[in-house]
Amino acid sequence: MIAVLQFYQAFVSPFIRNGVPILAILGLWVALRRAGLTPKARMIGIITTGLLLVWWVTIDQLARSGFYASYWNVMRPLCWAIAIAWLIPLMRSQSIGVALEAIPPWWLIGLQFYRAGGGLTWFAALAAGRLPAGFALPAGIGDSLVGLFAVAVAVWVYSGARGGRVAGIAWNVFGLLDFAGGFVLASFLPYNFAYPGVMIPAFLAPLSLD
């Protein structure tokens, strides 16, 4: 168990905490370039990247300071509200819409493999005694399955085999239900989760919604 925790702290945690936002930014610019990087699209990309970086750094600093954990009941819904508020203009943006259409669907699905690493975070917190099994096990199993299924479904969609589109939709619904289940469970269970693991409910889960 100690070896697993050490592996998580040395490799998984830094990737989940820092790699996911970087992948999101790279994915945005790849999509914009594939769609044809017009001056308007470039400006939207710069603004979106800037807002994402500000959001990321701000939440990271609040989580490091212990502020997020201290005001758990306020900050948790607030971070989701920020993600939803940001999602609305992104969905209305023609440039973002064209960029998303330029990305193969299997890319968007496959990128979510990182949620398997998020599942390890919950298991590590359980092993360290920071979270009760009633939350850590459902959240860890759910996130791990979403991440692993993302790879399988991405391959299925990429192959063009029959049923790939249905599998993609089913996987997406499952991922949203996993978010909803974790959010509801966290509302009824005690919270004792330190940095860097706190970055999952504080930033990475809301970011995944977008």
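Observations on the structure shown:
- Using the Cβ-Cβ distance between Asn18 and Arg162 with R0 = 35 Å, the FRET efficiency computed as 1/(1 + (r/R0)^6) comes to roughly 0.35.
- In terms of accessible area, using a 1.4 Å probe and ignoring ligands and nucleic acids, Arg162, Arg92 rank largest first as Arg162, Arg92.
- Label point of Val98 set 7 angstrom out along Cα-Cβ; within segment 47-91, amide nitrogens under 17 Å from it belong to 47-48, 90-91.
- Backbone N under 20 Å from the Lys40 label point (7 Å along Cα→Cβ), restricted to segment 69-97: 87-97
- Centre-to-centre, using Cα atoms only, segment 149-164 and segment 22-83 are separated by 28 Å.
- Under the membrane-span-like helix rule (DSSP H runs whose alpha carbons stretch at least 15 Å along the helix axis, mean Kyte-Doolittle hydropathy 0.5 or higher), the chain yields 20-34, 39-65, 72-92, 115-127, 133-159, 164-188.
- Gyration tensor verdict on segment 98-163 (Cα atoms; rounded if a/c is under 1.5, prolate if a/b is larger than b/c, oblate otherwise): prolate
- Two-site label geometry, Phe183 and Leu137: point separation in nm, points 7 Å out along Cα→Cβ: 2.5 nm
- Where segment 101-210 is the region considered: accessible area per residue in Å², 1.4 Å probe: 48 Å²
- Cα gyration tensor category, rounded, prolate or oblate, for segment 45-129 with a/c compared to 1.5: oblate
- With a simple spin-label model that places each label point 7 Å from the Cα along the Cα-to-Cβ direction, the separation between Val151 and Leu53 comes to 3.2 nm.
The values are calculated or read from the model by the stated rules, or taken from the named source; none is laboratory data. None of the values given here were measured: they were computed from a predicted structure. Ideal geometry is used to build each Cβ from the backbone, glycine not excepted, and the neighbour counts take in all protein chains shown. Quick note on the areas: whole protein, heavy atoms, side chains included, nothing else; ligands and nucleic acids left out. Shrake-Rupley method; radii C 1.70, N 1.55, O 1.52, S 1.80 Å.
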